[in-house]
Amino acid sequence: MRKCDLVNKYRIMNVVAIASAAILMSGCGNNTDKAAGAADTQITAEEETSDETTAINDNADDAESDESESDSSIINEESDDSEGASDGESEDMAETIPILKDCVKQKMGCRFGCAITGQEPWDIQLWNLVTEQFNCVTLGNELKPDSLFGYSNEVCPGTEEVELNGEMITVPVLNFKNPEKVLNKILKWNEANPDKSLQVRGHVLLWHSQTPEWFFHEDYDKTKPYVSAEEMDKRQEWYIKSVLQHFTGEDSQYKDLFYGWDVVNEAISDATGTYRTDTENPDEDLLQDTHGNNSSWWHVYQNESFIINAFKYANKYAPETLELYYNDYNECDAKKRAGIIELLQAIKDAEGAPGEGTRITAMGMQGHYGVNGPSNAEIETSAKAYGKIVGNVQITEWDMRASDEFDSADAELVEKEYEKQRKMYNLQYYGLWSAQNSGEVKVTGMTFWGTVDKCSWLQFRSNVGGGNKTGQSQCPLLFDNFYKPKPCFYVFAATE
C-alpha cells in the first residue's frame, strides 16, 4: 500500500478517534509529583517558516489534499510471558501501517528508538508498538544515579569497602534491580525474536539532577561538609567503573544489549550559555535531596574538570565498541549552542587512549521542542555546528510541547494541534536530513521520549526540572492515547 493511501485511510481513523481521545486526555496525567526524568525545555517560540514547501516530506501534504516516569495508574501490568504476545488489534495495525524503523533506516541510515520507563514495558499494547516500530530503547529513569542508589535520596542506603586503583575506599551500596527488571525482559524478547531485537542506550552516568545530595558530602551525610575535589574524583571513577562493568563488562549478561551511553547530561546553563553552576536558581536550596537546576558537581569542583574526568573514566572502563555521548536540551538556542560547542571541544582536546584521555562519539540533541520551533534551519545549523566538533549527532529525547491554546477536551482543537504538530515534525525532520545531506555531519540515531501521548513525561509534574508546570494536557508523541498512529507518525514513514 502506498504511503498516500495509508495517510488517507488513517486520517479518517484519527478523525473518528479524536473526540474520544479528547475526553480521555482531559483527565490524564495531572495528578502526580513523580520525577519526570528529563530536562526542562525553555524553547523560544518562532513562527512556522515557509521552508516546509521545500521539505522532503511534502508528499504527505499532497496526500491530505486528496506523539519520564509514567503514572502507574494508566498502565496495565502484565506478566513477562507477554514477550511474544500480540493482541489482534495490534497485529492488524502491524500489517497495514508503515514500520518506521525500516523507513528511517532507508532514509537516514540510523537507529530509531523510544524511551520506556516504569511499568510501560508491561503494557502489552505499548510493548507491541515498541517492538514493532523501533529497534532501540532508552530507559527513561532506571539507569540514573537515584535509581541505582535504590531511590534512597534522603539518606545513604549503606556503605561497603571496595578497591580502586590499589586503594580501599568507602562507597555507597548500589542496587541494579530497577534496570535489570526491564533489561531481563528485553533479553528474553531478543532471544525469542532475533529479527526484532532491541538495543539499549544507557542514560546517564553524570547529571546534576536525580543524583542524591548526600553523594557529595563527607560520610555520605548531607549534614556534613562537602568532600574535596580529590575525594570526589575517587567517588566518580568508582561509580562509572561499577555501572559500566556491571552492564557492559566482559562477564555481564547485558554486554551485548548496549550500543552507547550518555556520559554527561545537561552541563550547560540556559541563562548564561556557559557551564551550569551551583547558583542557577537562587531559590533552590543546594542541600535539598535532589536538584532541578543547581549543580553540586560544580559546587565541589568550581570548574568543569569533573566533566572531562567523566569522559576519561568512561573511556577507561567502557568497551571500545560502546559509543559515548554528551547530551543536552535547548541545543538549538544560539547562546547555549556556543557553550555546548566549547564543552565538546574541551572533551575532544583531551582525547587519548583508555586510561589516559577522553573519547566522545556523538552529541545528543535532546529534541524537547514545541509546535512553534525550533525551525528546520535552526536544527540544521546546530547539527552542523556539533558535527564539526564530534562528527555525529543524535536526536535523543524527541517530543513536542503543545501550543498554549491547545485544549484536549475540544475535538476541533485537538485536530488542529495534530496538524500543527505534523507540520513542525516535518520541518524538523527535514532539517536533520538536510544537515546530513550536506556531508558536514552524520545523524546516527533518532529517539522519541516515549511512545503513547498519555504516558509522556510532559503530562506530569516534576520536581527535578521540566515536565508539566501548568496542568495542560499534552499530545507530544507519535501515537495517541489509544495506541493509534497520529498524523505526525507518517512524517517518518517517508523514504525519499
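Nothing in this text is a laboratory measurement; each read-out follows from the coordinates by a stated rule. Keep in mind that this is a model prediction, so the values were computed, not measured. As a convention, Cβ positions derive from the backbone with ideal geometry for all residues, glycine included, and neighbour counts pool all protein chains shown.
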Other residues with Cβ under 10 Å from the Cβ of residue 179 give, with Lys and Arg +1 and Asp and Glu -1, a net charge of +1
Residue-ordered couplings for region 276-285, obtained by feeding phi - 60° into the Karplus form 6.51 cos²θ - 1.76 cosθ + 1.60 and rounding to whole Hz (Gly and Pro as x), are 5, 10, 8, 10, 4, 10, x, 8, 9, 5
For residue 363, other-chain or 5+-apart residues with amide H closer than 5 Å (H placed, Pro excluded) are 392, 393, 394
Non-local residues with an amide H under 5 Å from the amide H of residue 164, with H modelled 1.01 Å from N and Pro and chain starts lacking one, are 169
Going through 101/384; 336/416; 416/486; 222/336 one by one, the pairs whose alpha carbons sit over 20 Å apart turn out to be 101/384; 336/416; 222/336
Residues of region 227-256 with backbone N under 14 Å of the label point set 7 Å from the Cα of residue 321 along Cα→Cβ are 248-256
With x for Gly and Pro, the residue-by-residue ³J(HN,Hα) of region 426-441, computed from phi through the Karplus equation 6.51 cos²θ - 1.76 cosθ + 1.60 at θ = phi - 60° and given in whole Hz, is 4, 4, 5, 5, 4, x, 5, 4, 5, 4, 5, 5, 6, x, 8, 7
Sorted by chain and then number, the residues having a modelled amide H within less than 5 Å of the amide H of residue 258, at least 5 places away or on another chain, are 200
Length-normalised contact order of region 136-286, Cα under 8 Å, at least 6 apart, in percent, tallies to 24 percent
